[in-house]
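Below you'll find the structure, written out as structure tokens, and then a few comments.
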Amino acid sequence: MSAGSRQRVASVARALALLDEVAGSDTGLGVNELARRIGVNASTASRLLGTLEEGGFVERSPDGPYRLGLKFVALSDRVLGRLDVRERARPWLTWLVEETGETATLSVPGGGEAITVDFVPSSSSVVSMARLGRPSVAHATAAGKVMLAFGTPGRAGDRAATDELTAFTSRTITDPGALAAELEAVRTWGIAEAVGEREPDLNALAVPVIGRGDELLAILGLQGPAARLPASTRRALRAPLRRAASELGRSLGGPG
């Protein structure tokens, strides 16, 4: 590791230490006191606090003490919201499996990807198992297409989809124009499909769970063996999947 890399890591560690000290004070702390507490000189503490203030992580009145900034309110709301989504989604995942007989999945946006955070497996003898913590492949999965269509503003999802369109099977969409057209259809109909695009014998559907302000909170999906999910069956699965996503979104303060 270079000296520059070590210095950057040390700076992050000092910034985190500053945040811990500010968080522990009810009245706020000044630059000199914060510098003393984390063992740096006042000019170093001042530079770190200036960066944190620009990011909204700390704030102060003119020449007053530093307090935690409103950025933490937004971040904590997102974290708590995700926990709430999983808790509230679980009954709907169970309901979807009972209604459809297929594996139901819950994904949440994270780092520009859709991450699987919960699932209920099918009761069938041939089961399609989801993997917790597994990021979706944006252009080759139903959940990933929902993320591209609804998780980024405007046409940003279309642009992101052109970064790298790797072929996983013969059915994977690798043409940027074809994917852009599919994402437009996903926005229009509110549902995405992946038919043997990541794994040759796996078909899936996914719909967005929309919260307040039209924010993409989560993605509900159904998946199963391709032989059990031909086009006619996938069409029949759309209604229960949309109902579950609508009711879950409404319970989280969305339009439903």
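The values are calculated or read from the model by the stated rules, or taken from the named source; none is laboratory data. Just so we're clear, the structure is a prediction, and the values are computed from it rather than from any experiment. In this analysis, Cβ positions are derived from the backbone assuming ideal geometry, glycine residues included, and neighbour counts consider all displayed protein chains. When the accessible area is computed, the model is the full protein with side chains, heavy atoms only, and any ligands, DNA or RNA have been set aside. Shrake-Rupley method; radii C 1.70, N 1.55, O 1.52, S 1.80 Å.
Considered as a group, the residues in the stretch 41-76 that are more than 32 Å from the chain's Cα centre (by Cα) and under 17 Å from D26 (Cβ atoms) include one that is most open to solvent (accessible area, probe 1.4 Å), and that residue is S61.
You will find that of L217, L222, the residue that is within 19 Å of K145 (Cα to Cα), surrounded by 22 or more Cβ atoms within 10 Å (Cβ to Cβ) and modelled with pLDDT of 95 or more is L222 and no other. For the stretch 241-256, the candidate set comprises residues that are open to solvent by less than 20 Å² (accessible area, probe 1.4 Å) and of a type outside the set (A, V, I, L, M, F, W, C); within that set, the residue that is nearest to R90 (Cα to Cα) is G249.
Can you find a residue in the stretch 50-67 that is of a type in the set (A, V, I, L, M), assigned to a helix (DSSP H, G or I) and in contact with a helix residue (DSSP H, G or I) (Cβ under 8 Å, 6 or more places away or on another chain)?
Yes, the stretch 50-67 has at least one match.
If I filter the stretch 114-164 down to residues being open to solvent by 30 Å² or more (accessible area, probe 1.4 Å), more than 16 Å from I219 (Cα to Cα) and touching a strand residue (DSSP E or B) at 6+ places or on another chain (Cβ under 6 Å), which single residue comes out as modelled with the highest pLDDT? That would be P121.
For the stretch 245-256, the set of residues classified as part of a helix (DSSP H, G or I) and more than 19 Å from the chain's Cα centre (by Cα) consists of E247 only.
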